[in-house]
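Participant: Have a look at this one before I ask anything.
No value in this document is a laboratory result; all are computed from the given coordinates. The structure presented is a predicted model; accordingly, all values stated were derived computationally and were not measured. Every residue, glycine as well, gets a Cβ built from its backbone with ideal geometry; the counts of neighbours run over all protein chains shown.
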Amino acid sequence: MPTHNLPTYTYILAGGGMAGLSLAYYLNQSSIPFDSILIIDQAEKNTRDKTWCYWSDQLETFDSVVEHSWDQLWFHSFDNRSDKFSILPFSYRKIQSDSWYAFIQKELKQNPKIQFIQTKVLGFSYEGRFANVRTDAGEFTATEKIFDSISAFPCELDNPQHLKQHFVGITIEANFPIFDPEAAHLFDFRIAHTTACEFIYVLPTSDRIALFEHTYFSGQLKEKQHYLDQIKAYLFGAYGLGEDDYLILEEESGIIPMTMSDAEPQNLYTKIIQIGTSGGFVKSTTGYSFLRTQRKLKELVTNLEIRHLDVPVNETKPFKKWMDRVFLQVLIDQKIKGNRVFESLFQKNKPQLILRFLEEQTTMREDLKLMTSVPTLPFVQAALKIGLTKLPFPRK
Ligand SMILES: Cc1cc2nc3c(=O)[nH]c(=O)nc-3n(C[C@H](O)[C@H](O)[C@H](O)COP(=O)(O)OP(=O)(O)OC[C@H]3O[C@@H](n4cnc5c(N)ncnc54)[C@H](O)[C@@H]3O)c2cc1C
């Protein structure tokens with residue numbers, strides 16, 4: 001035990017958002033022995049601050065909290081071509097953060113060994129075999145590990161070379177039935193008038209209620225009003241809805257890093273382990289991380305259970321990582337509009353294949369097929385630019 005008398009826990013989770021709470025859930029269900037777990041978050045986690053969507057062709061851990069799901073997706077190209085795809089056996093599922101926080105906290109609070117504290121984390125330190133976390137409410141020690149989901153991931157907000165997925169969304173209720181809740185609109189590129197990759201994303205959950213998000217995959221952030229104006233124009237252009245025709249129920253916004261870290265991968269011998277966005281769990285080319293985080297954390301807990309401590313916490317196959325780097329470079333260079341890449345992918349391949357590809361579940365042969373379905377020149381140029389320092393295969 002530590003020699004000082006700071007409050008001591010087996011595990012400390014610095015950050016009790018999506019990744020922190022998910023990890024607590026899996027630790028609680030596992031056979032890993034612990035005397036106590038402390039979850040630290042500066043915010044009271046009970047708000048609808050996020051909408052999490054994921055696609056899957058299986059039952060997933062938090063499906064019971066899914067608010068709505070779709071097995072059809074619209075894809076709208078810049079040139080006005082619209083396709084509605086069935087994605088069966090996949091479905092696209094939506095979870096509201098407030099329902100998820102309530103569900104998971106109810107589970108965790110049944111175990112008196114799991115404690116929550118609402119305070120700000122100020123920093124971390126090591127003391128012999130133990131790790132400490134400094135907070136506004138004092139210092140705490142972890143005898144096993146600290147899981148950190150609060151540290152910033154290397155992505156500079158004002159650096160145009162650092163891609164971000166940035167968006168503002170509003171959920172509206174129309175005065176009359178107008179939406180089709182059977183199909184979501186994954187990409188509407190009809191609004192992509194700039195060289196940046198931008199689109200509208202629409203999730204209708206009833207014939208009157210839908211979430212509209214104006215999203216960019218780009219390095220340069222915009223003023224909030226810009227996204228809102230774009231959504232208003234879209235509501236009018238695509239649905240004929242003027243401002244008097246609907247009520248804004250909710251608003252959400254996000255800036256998700258679309259960069260890749262060159263840091264050495266962490267393994268489970270590490271005392272302070274970064275998870276979630278901080279740990280690079282976001283798929284850099286899409287900004288999705290909900291399902292990836294669940295898969296990575298389940299694996300992490302299994303590895304802790306069986307004491308496989310030398311495995312990387314966040315492993316990605318080198319070829320997949322290389323493809324992501326090349327695609328990100330294409331988006332940065334803007335020699336081709338980002339929408340053209342997605343349009344080629346969706347027009348020339350089955351959506352199920354693309355969904356598996358985006359989840360890194362395709363074989364190398366399938367990857368090569370997909371690579372040849374997009375305009376090749378900008379990809380070759382991007383690959384050359386990335387150069388030999390980022391080869392897809394580890395150099396011996
Ligand atoms: C609006 C929005 C919508 C998204 N939609 C999707 C989606 O549809 N599908 C998908 O796959 N991904 C989505 N994402 C991306 C990703 O899934 C989320 O960002 C997810 O919440 C990341 O989990 P996390 O635990 O890393 O971060 P968070 O859930 O943000 O958790 C981090 C926690 O740390 C706390 N914290 C931060 N600093 C401190 C500090 N100093 N002290 C104490 N606590 C601190 C915060 O309060 C927060 O609770 C979305 C992101 C946003 C922002």
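Participant: Quick one: helix 376-386 against the long Cα principal axis of the chain, what's the angle to the nearest 10°, folded into 0 to 90?
Facilitator: 30 degrees
Participant: Still on this structure: Rounded to whole Å and sorted largest first, what semi-axes of the equivalent ellipsoid does the C-alpha gyration tensor of the range 164-257 yield via the square root of 5 times each eigenvalue?
Facilitator: Sorted largest first and rounded, they come to 22, 13, 12 Å.
Participant: Considering only DSSP beta bridges with both partners in the chain, what is the antiparallel share in %, to the nearest 5?
Facilitator: 70 percent
Participant: How large is ³J(HN,Hα) for each residue in the range 243-260, as worked out from phi by the Karplus curve 6.51 cos²θ - 1.76 cosθ + 1.60 (θ = phi - 60°), to whole Hz, x for Gly and Pro?
Facilitator: 4, 7, 8, 8, 10, 7, 8, 8, 9, 9, 8, x, 10, 10, x, 10, 10, 10
Participant: Give me the percent relative contact order of the range 264-332, please, defined on Cα pairs under 8 angstrom at least 6 residues apart.
Facilitator: 42 percent
Participant: Please arrange Leu345, Leu235, Leu353 by how many other C-beta atoms lie within 10 Å of their C-beta, fewest to most.
Facilitator: Leu353, Leu345, Leu235
Participant: In degrees from 0 to 90, rounded to the nearest 10, what is the angle of the helix 18-29 Cα long axis to the longest principal axis of the chain?
Facilitator: Helix 18-29 sits roughly 50 degrees off the main axis of the chain.
Participant: Here's something else I'd like to know. Counting pairs of alpha carbon atoms under 8 Å apart in space and at least six apart in sequence, what relative contact order in percent does the chain give?
Facilitator: Worked out over the chain, it gives 17 percent.
Participant: Would you mind ranking Arg365, Arg48, Arg81, Arg340 by Cβ crowding within 10 Å, fewest neighbours first?
Facilitator: Ascending number of Cβ neighbours within 10 Å: Arg365, Arg81, Arg48, Arg340.
Participant: If amide H atoms are built 1.01 Å from N in the plane of the peptide, which residues on other chains or at least 5 residues away come under 5 Å of the amide H of Glu251?
Facilitator: Thr171
Participant: With the Cα gyration tensor of the chain in hand, give its eigenvalues times 5 under a square root as the equivalent ellipsoid semi-axes, listed largest first in whole angstrom.
Facilitator: Sorted largest first and rounded, they come to 37, 26, 19 Å.
Participant: Could you give the nm distance between label points at Gln161 and Gln347, where each point is 7 Å from its Cα heading toward the beta carbon?
Facilitator: With each label placed 7 Å out from Cα toward Cβ, I get 3.3 nm.
Participant: Find out how many positive minus negative residues lie around Ala174, taking Lys and Arg as positive, Asp and Glu as negative, among other residues whose Cβ is under 14 Å from that of Ala174.
Facilitator: Result for the neighbourhood of Ala174: -4.
Participant: In the range 293-396, with Lys and Arg counted as +1 and Asp and Glu as -1 at Cβ, which of these residues, Thr316, Asn339, Gln381, has the Cα nearest the positive end of the dipole, that is, farthest along it?
Facilitator: Of the candidates, Gln381 comes out farthest on the positive side.
Participant: Let me ask something else about it. How large is the translational diffusion coefficient of the range 53-115 in µm² per second when you combine the Kirkwood radius over alpha carbon pairs with Stokes-Einstein at 20 °C and 1.002 mPa s?
Facilitator: 153 µm²/s
Participant: So, R0 is 22 Å and r is the distance between the beta-carbons of Glu67 and Gln118; what FRET efficiency does that work out to, to 0.05?
Facilitator: Between Glu67 and Gln118 the formula returns 0.25.
Participant: Now for a different question. About the Cα centre of the chain, what is the dipole size in debye to 20, counting +1 per Lys and Arg Cβ and -1 per Asp and Glu Cβ, all else neutral?
Facilitator: Taking the Cα centre of the chain as origin, the dipole is about 1520 debye.
Participant: Another question, then. Could you pull out every residue, at least 5 positions away or on a different chain, whose amide H is within less than 5 Å of the one on Phe124? Hs are placed 1.01 Å off N in the peptide plane, and Pro or chain starts have none.
Facilitator: Arg134
Participant: Restricting to Cα atoms and excluding each atom paired with itself, what does the Kirkwood estimate give for the range 318-390 in Å?
Facilitator: 12.5 Å
Participant: Separate question: Would you mind checking the tilt of helix 318-333 against the longest principal axis of the Cα atoms of the chain, expressed as 0 to 90 degrees and rounded to 10?
Facilitator: 50 degrees
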